[in-house]
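Sharing a structure with you now.
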Amino acid sequence: IKVAVPRETAEGERRVAMESSVIAKLGKLGAEVLVEAGAGSAAHIPDAAFTGATIVPSAAELYQQADIVLKVQPPSAEEIALLKEGDVLIGSLQPYKFPELVAALKAKNITAYAMELIPRISRAQAMDVLSSQAAVAGYKAAIMGSDLCPRFFPMLTTAAGTIRPSKVIVIGAGVAGLQAIATARRLGAVVEGYDVRSATKEQVQSLGAKFIELGIKAEGAGGYARELTAEEKQQQQDELAKHIATADVLITTAAVPGRPSPKIIPESTVDGMKSGAIIIDLAAEGGGNCTLTQPGQTIVHNGVTIHAPLNVPSQVPVHASEMYAKNLFNFLSPMLKDGQYQPDFEDEVIAGALLTHGGKIMNESIRQLVE
Ligand code: NAD
């Protein structure tokens, strides 16, 4: 069976869905790995480093030979045209954002697995691209914050006097937020964290940060948060504003699955911040947690810089690719038996990720969206 890895074509995408250690492991399962020439160059993996894989000169030739295609970004219209009927596609397909892509995959009878749809159960943690890539983004958010901040993060005792440490506040203590907290702590900042799920209090504190307690509890299904009521939103904004007024760097990561990013930081809160303060809005992909956020841009409002980068994991392409490729291998390997692709569609992880198969949309909520 041939597992093919094309060069990513989406603008700004530097990651690749393969890593050298994965090639050998796939080989042991009887799969042959094909990699498009230059696929790893933006992630600093030269063709020669894909030891054991066959390097194929063009995307057209790669897709022509492929049985299973591994991707980072959803395929473009050109890439869908290159897929052959009955091919298997595995990647971060963002089906809620691109319903027309789902319709095209269905029409072409592609067996597509969307990694975001994998149920978040313990057994699937090693396959969870949302977690691995969120960890990358959280780390980078703290680094961006320290880079843009006009102050030091750590306390410094120097001959020129003692410098007070910066205060970093992180809103949303999921995978990304906890990694942002850990990274800001390592850089020496004083850190406070906030989330609406009470389980996060202990996690925030275990990283050496203070937990901001507001008394709003909003655990939703599957370990996620639910959307707040209008009253809770107002209470949250008012109380958080007092804390945020003291921050040098504010990192926001709050998300509710399948919903636009919750707006937690109104203009009035930004107006209350110090001149020189920095907001890193990691929720920009879903519209942002700050009402002033312009996704993909950096703006300055009354001396406060609001930085809202998109596709942050792509900015750390070496390790983001390594983690992503391992997630994909952990998902794919149980489906490979004796060199054959033999998925067990009864398995809840495989069934959960299955987006299209046999000319049908297999995920109920996405079917309703598309049809
Ligand atoms: P996410 O990206 O959906 O959300 C980020 C954070 O924002 C969450 O912690 C959420 O509670 C918080 N949030 C939402 N609305 C908010 C608001 N109004 N104010 C403040 N915070 C708000 O979440 P995530 O990081 O992908 O994961 C969340 C949870 O799922 C974590 O507990 C994580 O451990 C768990 N998880 C489990 C698995 C698994 O078992 N396979 C995998 C990944 C994550």
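The values are calculated or read from the model by the stated rules, or taken from the named source; none is laboratory data. These numbers come from a predicted model, not from an experiment. Heads up, the Cβs are rebuilt from the backbone with ideal geometry, glycines too, and the neighbour counts pull from every protein chain shown.
Quick one: residue 138 ticks every box in (1) surrounded by fewer than 21 Cβ atoms within 10 Å (Cβ to Cβ); (2) at negative phi bar one, so which box is it?
Condition not satisfied by residue 138: (1).
Give the number of residues within the stretch 107-117 that are surrounded by fewer than 22 Cβ atoms within 10 Å (Cβ to Cβ) and in contact (Cβ under 8 Å) with a residue 40 or more places away in the chain.
4
Do the conditions hold for residue 268, that is, is it closer than 13 Å to residue 290 by Cβ, assigned to a loop (DSSP other than H, G, I, E, B) and not acidic (Asp, Glu)?
Details: closer than 13 Å to residue 290 by Cβ: yes; assigned to a loop (DSSP other than H, G, I, E, B): no; not acidic (Asp, Glu): yes.
In short, no.
If the requirement is being within 19 Å of residue 317 (Cβ to Cβ) and in contact (Cβ under 8 Å) with a residue 60 or more places away in the chain, which of these qualifies: 42, 31, 37, 53? I'd like the intermediate steps shown before the answer.
Working: 31 fails: within 19 Å of residue 317 (Cβ to Cβ); 37 fails: in contact (Cβ under 8 Å) with a residue 60 or more places away in the chain; 53 fails: in contact (Cβ under 8 Å) with a residue 60 or more places away in the chain.
Testing whether each residue is within 19 Å of residue 317 (Cβ to Cβ) and in contact (Cβ under 8 Å) with a residue 60 or more places away in the chain leaves just 42.
Restrict the check to the stretch 283-305 and report whether at least one residue is out of contact with any Leu (no Cβ under 7 Å at 6 or more places or on another chain), closer than 29 Å to residue 125 by Cα and of a type in the set (D, E, K, R).
No, there is no match, as no residue in the stretch 283-305 is out of contact with any Leu (no Cβ under 7 Å at 6 or more places or on another chain), closer than 29 Å to residue 125 by Cα and of a type in the set (D, E, K, R).
Would you say residue 134 is assigned to a helix (DSSP H, G or I), under 20 Å from the mean Cα position of the chain (by Cα) and either more than 10 Å from the ligand (Cβ to nearest atom) or among the aliphatic types (A, V, I, L, M) (or both)?
Working: assigned to a helix (DSSP H, G or I): yes; under 20 Å from the mean Cα position of the chain (by Cα): yes; either more than 10 Å from the ligand (Cβ to nearest atom) or among the aliphatic types (A, V, I, L, M) (or both): yes.
Here the answer is yes, as residue 134 does meet what is asked.
So, in the stretch 96-109, how many residues would count as being within 16 Å of the ligand (Cβ to nearest atom) and of a type outside the set (Lys, Arg)?
Number of matching residues: 1.
OK, next. Can you say whether residue 370 is surrounded by fewer than 21 Cβ atoms within 10 Å (Cβ to Cβ) and in contact with a His (Cβ under 6 Å, 6 or more places away or on another chain), as far as the supplied structure shows?
no
Restricting attention to the stretch 177-201, report how many residues are more than 8 Å from the ligand (Cβ to nearest atom), closer than 26 Å to residue 164 by Cα and not hydrophobic (A, V, I, L, M, F, W, C).
Counting residues in the stretch 177-201 that are more than 8 Å from the ligand (Cβ to nearest atom), closer than 26 Å to residue 164 by Cα and not hydrophobic (A, V, I, L, M, F, W, C) gives 8.
Please verify whether the stretch 117-128 includes one or more residues that are among the hydroxyl-bearing types (Ser, Thr, Tyr) and either closer than 28 Å to residue 264 by Cβ or away from the ligand (no atom under 14 Å from the Cβ) (or both). Before the answer, list the steps.
Kept after step one, since they are among the hydroxyl-bearing types (Ser, Thr, Tyr), are these residues of the stretch 117-128: 122.
When the remaining residues are screened for being either closer than 28 Å to residue 264 by Cβ or away from the ligand (no atom under 14 Å from the Cβ) (or both), the result is none.
No, there is no match, as no residue in the stretch 117-128 is among the hydroxyl-bearing types (Ser, Thr, Tyr) and either closer than 28 Å to residue 264 by Cβ or away from the ligand (no atom under 14 Å from the Cβ) (or both).
Of all the strands (runs of 3 or more DSSP E) wholly in the stretch 142-245, which have at least 1 residues that are in contact (Cβ under 8 Å) with a residue 60 or more places away in the chain and closer than 24 Å to residue 306 by Cα?
So the answer is 167-171.
Hey, among the residues in the stretch 228-270 that are loosely packed, with under 13 Cβ neighbours inside 10 Å and among the acidic types (Asp, Glu), which one's nearest to the ligand (Cβ to nearest atom)?
231
Quick one: is residue 37 surrounded by fewer than 21 Cβ atoms within 10 Å (Cβ to Cβ) and either at positive phi or of a type in the set (Gly, Ala, Ser) (or both)?
Considered against the rule, which asks whether it is surrounded by fewer than 21 Cβ atoms within 10 Å (Cβ to Cβ) and either at positive phi or of a type in the set (Gly, Ala, Ser) (or both), residue 37 comes out as yes.
Filter the stretch 246-286 for residues that are farther than 27 Å from residue 314 by Cβ, of a type in the set (S, T, N, Q) and without any contact (Cβ under 8 Å) to a residue 60 or more places away in the chain and give the result.
Answer for the stretch 246-286, where residues must be farther than 27 Å from residue 314 by Cβ, of a type in the set (S, T, N, Q) and without any contact (Cβ under 8 Å) to a residue 60 or more places away in the chain: 268, 269, 275.
For the condition in contact with a strand residue (DSSP E or B) (Cβ under 8 Å, 6 or more places away or on another chain) and either within 15 Å of the ligand (Cβ to nearest atom) or at pLDDT 95 or above (or both), what is the one hit in 112, 43?
Of the residues listed, the single one that is in contact with a strand residue (DSSP E or B) (Cβ under 8 Å, 6 or more places away or on another chain) and either within 15 Å of the ligand (Cβ to nearest atom) or at pLDDT 95 or above (or both) is 112.
Right, something else. Condition first: within 26 Å of residue 237 (Cβ to Cβ) and either buried (at least 24 other Cβ atoms within 10 Å of the Cβ) or more than 11 Å from the ligand (Cβ to nearest atom) (or both). Now tell me which residues in the stretch 152-176 satisfy that.
Passing the criteria: 166, 167, 168, 169, 170, 171, 172, 173, 176.
Kindly provide the set of residues from the stretch 177-210 that are under 16 Å from residue 236 (Cβ atoms), at pLDDT 95 or above and surrounded by fewer than 17 Cβ atoms within 10 Å (Cβ to Cβ), ordered by number.
201, the sole residue that qualifies.
Within the stretch 218-227, which residues are surrounded by fewer than 13 Cβ atoms within 10 Å (Cβ to Cβ) and either near the ligand (Cβ under 9 Å from one of its atoms) or closer than 30 Å to residue 150 by Cα (or both)?
222, 223
Sticking with this one: Which residues, taken from the stretch 137-149, are of a type in the set (A, V, I, L, M) and more than 10 Å from the ligand (Cβ to nearest atom)?
141, 142, 143, 144, 148
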